[in-house]
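Only one structure is covered here, and it is reproduced in the block below.
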Amino acid sequence: MNSKREEMTIKSLEKEIIEAAKVYVSEGMIPHLPFKGYSVFLETGERITFEKAYFERRRRLVVLGLGYYLDKRKDTKALLMQLLWEICNEYTWSLPAHLPIEKGYYTKEAKTTIDLFAAETGQALSELLTLVGDDLDPLLNIRVLEEIDARILSPFENKFWDWEDKENNWSAVIGGCIGMIALVVVKDSARLSAIIDRLDRSMSSYLDGFGDDGACVEGVGYWDYGFGYFIYYAEKLQSVLGDSRYLSHPKVKAIAAFPYYTMIYPNKYLPFSDFADSTLSSGLLSFCHQYFHVPVPQLSGGVSRLDSDHCYRFAPIYRNLSWYDKTITHPIATDAFRYYESAQWLIVKKSALFFAAKGGHNQESHNHIDVGHFVLGIDNTLFLTDLGAGEYTKEYFDDRFRYQFFVPSAQSHSIPIINGVTQQEYGKNAIVEEVSRSRFDLSLTDFYPQACLDSYSRSFRLEENQLIVVDQFKFQQSNNTVEEQFVTEIEPQVVGQTVRLRKEDNICQLYFEIGEISVKTMRYKNHYGVENKAYVIKVLSQHGHADHIKTVVSWNKD
């Protein structure tokens, strides 16, 4: 990648959008939303057929809308107006995965279902009207406003929505979008006041999902998404009504700093939970840096590119243009210790080393079965890793089937199987017995309720170029088995009681005092539906009433 591509400026992003708009105008085509996409989801739960076309339309909405805003070409405006008309004609603005289904069919409420993407669509249309609405045909403006009211505002006012109480990105994204829509299109002051007051419930629910330390258990990608829309709404509420209730909330500044402390290296972050590789929005990071004066990841690549968000959300892309701060220069902390008490995440950066381990519980938002799990790497290499988010399908979010998928299950995490029993769902936090720069001790007995255990604890000890992991057991029976697991994306080499991982000149070795070592190759689909490969190092050993297992992980450069 050349330096010009790496250093994206406001001008180069503007040019990218304008050139993309010219391509769309030359094609003169608006993608149809396939009926098959709706029916296939009902039949199989597969989402990609529909979503590929849906997000291609949303890309055109961003490109043509911002392209015309930046360069007032008549042919761009003509195609933009046709696209807006077609979006107004859509069966629903929601994705099939989020529609109400009864007896195998979508219900009549599908058209007015307010999910993440319906709310984002309404927000995009309302903001576009403020930017270029005076240039558009009045008939189109009227139609857009009617659809926003019929699909978003009135349905919100007429019933309670379960996302209003969700302590995750849903409450922030949908609530934030509705708030931004209302601040733009609702002219009746009493109605606007009622909507703003009602939205305080969802905004408060979102903040309740964080401890005072600002940890986002959904991972940094969902920080960018949920906290992004929270901030976009909070900023607009302050600028339009002078109401700073959310920007001045004591938790918000701590949340704003979360990506900096979870950064492994540029554009790579701690991959716990449903993390997916993504570039954080340069506009959002710039606002956090300017308003809250917190450290944020250095924007070494400049402004976020048009295609950095595969869902093409209007709000962040527009703010990447209007909020970017090129003065952000915070380097990666090379010697840092951060303990997020609310999530029980320990993060240690020491010279080239990155180590993180987690406690927490197994009923988190976007939960994985992973209490006691850890990652470790040096430089730009994670030797022992977390696979992040799997492909989102209907069953992936069905509690009956979620942990049958490899990625969110216990099988894909560096935690043991005890007497044939994998770690189970458990809603209370692990017991943290000790935490420091060099030690993290957890009591995990309650997470293995059928494993014939009196007690189980895991200890991490960081020494010079070594991590020592000790699992301590007291069993209720005399004959017991423990199968330790360690997850990597680097093909392991087994030599005696040592497993070697190598990437370029970085080397990691795992030494096991006891146990029979095997390696299982697993293929799975990542968040984007692409098939990936991972390796699970397994070490099986036999034990009596009480025992411990010691694993020594060391690293060096060749």
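Among all positions in region 119-126, there is at least one residue which is surrounded by 21 or more Cβ atoms within 10 Å (Cβ to Cβ), at pLDDT 95 or above, of a type in the set (D, E, K, R) and part of a helix (DSSP H, G or I). Applying the set (1) modelled with pLDDT of 95 or more; (2) closer than 29 Å to ILE431 by Cα to ALA534 leaves exactly one unmet item: (2).
I'd like to know if region 513-525 contains one or more residues that are of a type in the set (Lys, Arg) and without any contact (Cβ under 8 Å) to a residue 12 or more places away in the chain.
yes
Restricted to region 288-312, and to residues there that are within 29 Å of ASP212 (Cα to Cα) and touching an Asp or Glu at 6+ places or on another chain (Cβ under 7 Å), the residue that is most open to solvent (accessible area, probe 1.4 Å) is GLN290.
Determine, yes or no, whether ALA215 is at pLDDT 95 or above, in a helix (DSSP H, G or I), among the aliphatic types (A, V, I, L, M) and closer than 19 Å to TRP345 by Cβ. The answer is no for ALA215. Does GLN290 qualify as being in a helix (DSSP H, G or I) and either polar (S, T, N, Q) or within 27 Å of MET180 (Cβ to Cβ) (or both)? Here the answer is yes, as GLN290 does meet what is asked.
Does VAL487 meet the test of being part of a strand (DSSP E or B) and under 18 Å from HIS373 (Cα atoms)? Against the criterion (part of a strand (DSSP E or B) and under 18 Å from HIS373 (Cα atoms)), VAL487 qualifies.
Among the residues of region 426-441, is there at least one that is touching a helix residue (DSSP H, G or I) at 6+ places or on another chain (Cβ under 6 Å), touching a residue at least 60 places away in the same chain (Cβ under 8 Å) and either surrounded by fewer than 17 Cβ atoms within 10 Å (Cβ to Cβ) or not aliphatic (A, V, I, L, M) (or both)? Yes: one or more hits.
One residue stands out in region 78-118 among those that are closer than 21 Å to ASN141 by Cβ and part of a loop (DSSP other than H, G, I, E, B): the one that is farthest from the chain's Cα centre (by Cα), namely ASN89.
So that you can scan it fast, the table gives a plain yes or no per residue for (1) closer than 30 Å to CYS311 by Cβ; (2) under 34 Å from the mean Cα position of the chain (by Cα); (3) open to solvent by less than 50 Å² (accessible area, probe 1.4 Å):
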| site | (1), (2), (3) |
| --- | --- |
| GLU463 | no, yes, no |
| SER478 | no, no, no |
| THR481 | no, no, yes |
| ILE490 | no, yes, yes |
| ARG500 | no, yes, no |
| TYR511 | no, yes, no |
| GLU531 | yes, yes, no |
| LYS538 | no, yes, yes |
| ALA546 | no, no, no |
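Scanning region 65-88 for residues that are within 16 Å of VAL144 (Cα to Cα) and among the hydrophobic types (A, V, I, L, M, F, W, C) turns up ALA78, LEU79, LEU80, MET81, LEU83, LEU84, TRP85, ILE87, CYS88.
Within region 171-208, if we keep just the residues that are buried (at least 22 other Cβ atoms within 10 Å of the Cβ) and touching an Asp or Glu at 6+ places or on another chain (Cβ under 8 Å), the residue that is nearest to LEU99 (Cα to Cα) turns out to be ILE174. In region 22-29, the condition of being closer than 30 Å to LYS326 by Cα and surrounded by fewer than 14 Cβ atoms within 10 Å (Cβ to Cβ) is met by at least one residue. Listed residues TYR324, TYR340, TYR396; which is within 30 Å of THR49 (Cα to Cα) and surrounded by 18 or more Cβ atoms within 10 Å (Cβ to Cβ)? Criteria check complete, one pass: TYR396. Does THR130 satisfy being not in a helix (DSSP H, G or I) and not small (Gly, Ala, Ser)? When the stated conditions are applied, THR130 does not pass them.
The values are calculated or read from the model by the stated rules, or taken from the named source; none is laboratory data. Only a predicted model underlies this, so the values are computations on that prediction, with no experimental measurement involved. Counting neighbours? That spans all protein chains shown, and the Cβs are built from the backbone with ideal geometry, glycine included. With ligands, DNA and RNA removed, areas are computed over all heavy atoms of the protein, side chains included. Shrake-Rupley method; radii C 1.70, N 1.55, O 1.52, S 1.80 Å.
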